[in-house]
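Below is one structure; the comments refer to it alone.
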Amino acid sequence: MKSVSRACLIDALENVWSLQSSSKWTEANPALGQCGVTALVVQDFLGGDILKTKYGEIWHFYNLIDDEPVDFTRSQFDNPIEYSNVVSNREEAFADTNAQQYSYLHTAVQKHLQDA
């Protein structure tokens, strides 16, 4: 697959997030519960590292791409996030999702990008 821009990737994610990628998904808040699975898929397509930060009592996952923190799911939160940029990994992010959700999101994003 040719290289993917961040803009194309966020468009793909926003079009394919669903209950299949997170049981917390809602039409009103499509990014809800998508952070772990999205961080994994973003890393698949754009490389970089996975970061995490505490948001209340939960870990929130996002990416470090070209030395810049990038959070594709920040819209799920009503309040601003104070990022601590703790280095994480695929194993920790995967603990926030499951194989079916990851497989669905990766495949759906790939198809959306190919059809675009």
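The values are calculated or read from the model by the stated rules, or taken from the named source; none is laboratory data. What you are looking at is a predicted structure, and each value in this text was computed from that prediction instead of being measured. Here the Cβ positions follow ideal geometry from the backbone for every residue, glycine too, while neighbour counts run over all protein chains shown.
Things to note:
- Matching residues in region 98-116 - criterion: being loosely packed, with under 13 Cβ neighbours inside 10 Å and touching an Asp or Glu at 6+ places or on another chain (Cβ under 9 Å): 116
- Checking each residue in region 1-15 for being of a type in the set (D, E, K, R) and either touching a Gly at 6+ places or on another chain (Cβ under 7 Å) or part of a loop (DSSP other than H, G, I, E, B) (or both) picks out only 2.
- Test for residue 95: is it of a type in the set (A, V, I, L, M), surrounded by fewer than 14 Cβ atoms within 10 Å (Cβ to Cβ) and closer than 24 Å to residue 3 by Cα: no
- When residues of region 1-54 are limited to those that are basic (Lys, Arg) and surrounded by fewer than 22 Cβ atoms within 10 Å (Cβ to Cβ), the one farthest from residue 104 (Cα to Cα): 54
- Some residue of region 97-110 being of a type in the set (A, V, I, L, M, F, W, C), more than 16 Å from residue 10 (Cα to Cα) and either without any contact (Cβ under 8 Å) to a residue 40 or more places away in the chain or not in a strand (DSSP E or B) (or both): yes
- Residues of region 71-92 satisfying the condition of being surrounded by fewer than 18 Cβ atoms within 10 Å (Cβ to Cβ) and either assigned to a loop (DSSP other than H, G, I, E, B) or modelled with pLDDT under 95 (or both): 77, 78, 79, 80, 81, 82, 83, 84, 85, 89
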